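A quick write-up on the structure given underneath.
The values are calculated or read from the model by the stated rules, or taken from the named source; none is laboratory data. Quantities reported herein were computed from a predicted structural model and do not represent experimental measurements. Cβ sites come from the backbone with ideal geometry, for glycine too, and all protein chains shown count toward neighbours. Note: accessible area is taken over every heavy atom of the protein model, side chains too, but ligands, DNA and RNA are not part of it. Shrake-Rupley method; radii C 1.70, N 1.55, O 1.52, S 1.80 Å.
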Amino acid sequence: MNTKIKALQQSLPAGIDAAVITSEPNRNYLLGFASSNGTLVVAREEAFFFTDSRYITAAQQAVKGAQVLLEKGRPLANLKAFLAEKPYKVLAIEAQHTSVEAYRILQSELAACTLDASGALDRLLLNTLRRKKSPQEVEKIRAAQAITDACFEHILSFIKEGMTEKEIQLEMDYFMLSHGADALSFETIVASGENSAKPHAVPGKRRVQKGDFITMDFGAVVDFYHSDMTRTVALGEPDAAMVEVYNTVLFAQNAAIAAAKSGAKCVEIDATARNIIKAAGYGDYFGHGLGHGVGVEIHEEPCFNTVSKEVFQEGDVVTVEPGIYLPGRFGVRIEDMIYHSASGILNLTESEKKLLVL
Ligand SMILES: [Mn+2]
């Protein structure tokens, strides 16, 4: 039984005979199977997964809810031959994952079918199906976050003055991968001193020193599901300006989490943090959105930002990550993941948030 394919079949828009899914995140989500190649065709009453010889045996063992078949020839030639035997006339494709070039080729090769590239399939998958996490999916995110929390605890005792950002990054990556992570959610960020003022700094040769803030943004993947967390710690005693910025970010983050009630508008949750940072005089130094959904991709729906039209609802897993970045000086970001469960809002991140001085 594959509840995800079933749910997609039951919610295929009227007029669509089948969905053709080739993107990795959507295949991972629907099949729970990892491969660099594959075409999933989901019709109302049946589903087929084509993959090549590298993956066919593993797919036949692992995939449920779709007939697994060996791809004959190139993926498009295989799809064309398959569709010639099927009554599907209108096919929905993933507009977000199809280049203009690929779309042109699909149109000419599959001329017997009508292609729906309106984005309806993307929206159905992203905004409805993938967005609403089941308790089983949240268990995977929790497992990934448990590794992430353990990594934070470990790295606190590892960091010493004179180490490079890169050395700290490598230790974090090794820790996560050797404690059950299938992969890293993204390239771990370790940004120290003035580098911490760059929200997505790349860890480099800079050596951490007394008086630095060190911002670490990292996460693990377990069974396709990601975690995401950021902490900023001080190495040696921080000065008064650093403490003030830290406390402002922490106050804004806690306030935004408290504002994330069921049915709250995502823009208002963002505004809660943004207004606190603005009132403290740092409005120009918080340039990014407050948070993003997390699931089989590190960034998915919904988002807490200034333009979202969504409300926070049951099944959502979203980060809350305000920051203040003072160019040339230092920056602070604090990030947790929150989950709207059936019985209330839960914080999936367990790590300490008070200012830690190493
Ligand atoms: Mn994040």
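For the reader, a short list of remarks on this structure follows.
- If you go through the stretch 305-338 and keep only what is acidic (Asp, Glu), under 30 Å from residue 211 (Cα atoms) and in a loop (DSSP other than H, G, I, E, B), you end up with just 321.
- Restricted to the stretch 202-216, and to residues there that are open to solvent by less than 50 Å² (accessible area, probe 1.4 Å) and among the aliphatic types (A, V, I, L, M), the residue that is farthest from residue 164 (Cα to Cα) is 216.
- Picking from residues in the stretch 295-309 that are away from the ligand (no atom under 14 Å from the Cβ) and free of Cβ contacts under 8 Å to residues at least 60 places away in the same chain, the one that is nearest to residue 276 (Cα to Cα) is 306.
- Of all the residues in the stretch 187-200, those that are part of a loop (DSSP other than H, G, I, E, B) and without any contact (Cβ under 8 Å) to a residue 40 or more places away in the chain number 3.
- Within the stretch 226-245, the only residue that satisfies the criterion of being within 16 Å of the ligand (Cβ to nearest atom) and open to solvent by 10 Å² or more (accessible area, probe 1.4 Å) is 226.
- Of all the residues in the stretch 319-339, those that are closer than 20 Å to residue 147 by Cβ, away from the ligand (no atom under 11 Å from the Cβ) and touching a Gly at 6+ places or on another chain (Cβ under 7 Å) number 0.
Each row is one residue, and each column tells you yes or no for (1) within 25 Å of residue 312 (Cα to Cα); (2) more than 16 Å from the ligand (Cβ to nearest atom).
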position: 140; (1), (2): yes, yes
position: 156; (1), (2): no, yes
position: 166; (1), (2): no, yes
position: 169; (1), (2): no, yes
position: 221; (1), (2): yes, no
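- Scan of the stretch 248-267 for residues that are more than 16 Å from residue 333 (Cα to Cα) and free of Cβ contacts under 8 Å to residues at least 60 places away in the same chain, ordered by number: 258, 259, 263, 264, 265, 266, 267
- Residue 253 meets each of the listed conditions (1) more than 16 Å from the ligand (Cβ to nearest atom); (2) open to solvent by less than 10 Å² (accessible area, probe 1.4 Å) apart from (1).
- Annotation note: of 182, 270, the sole residue that is within 17 Å of residue 285 (Cα to Cα), touching a strand residue (DSSP E or B) at 6+ places or on another chain (Cβ under 6 Å) and among the charged types (D, E, K, R) is 270.
- Filter result (more than 16 Å from the ligand (Cβ to nearest atom) and open to solvent by 10 Å² or more (accessible area, probe 1.4 Å)) within the stretch 189-201: 194, 195, 197
- Count of the stretch 268-284 residues which are in contact (Cβ under 8 Å) with a residue 24 or more places away in the chain and either outside the structural domain of residue 316 (by TED's automatic domain parsing) or crowded, with 19+ Cβ neighbours inside 10 Å (or both): 7
- Of the residues making up the stretch 204-219, those that are more than 16 Å from the ligand (Cβ to nearest atom) and either among the small types (Gly, Ala, Ser) or modelled with pLDDT under 95 (or both) are 204, 211.
- Residues being within 19 Å of the chain's Cα centre (by Cα) and open to solvent by 10 Å² or more (accessible area, probe 1.4 Å) - total across the stretch 316-340: 3
- Total residues in the stretch 54-68 satisfying the condition of being buried (at least 17 other Cβ atoms within 10 Å of the Cβ) and in a strand (DSSP E or B): the figure is 1.
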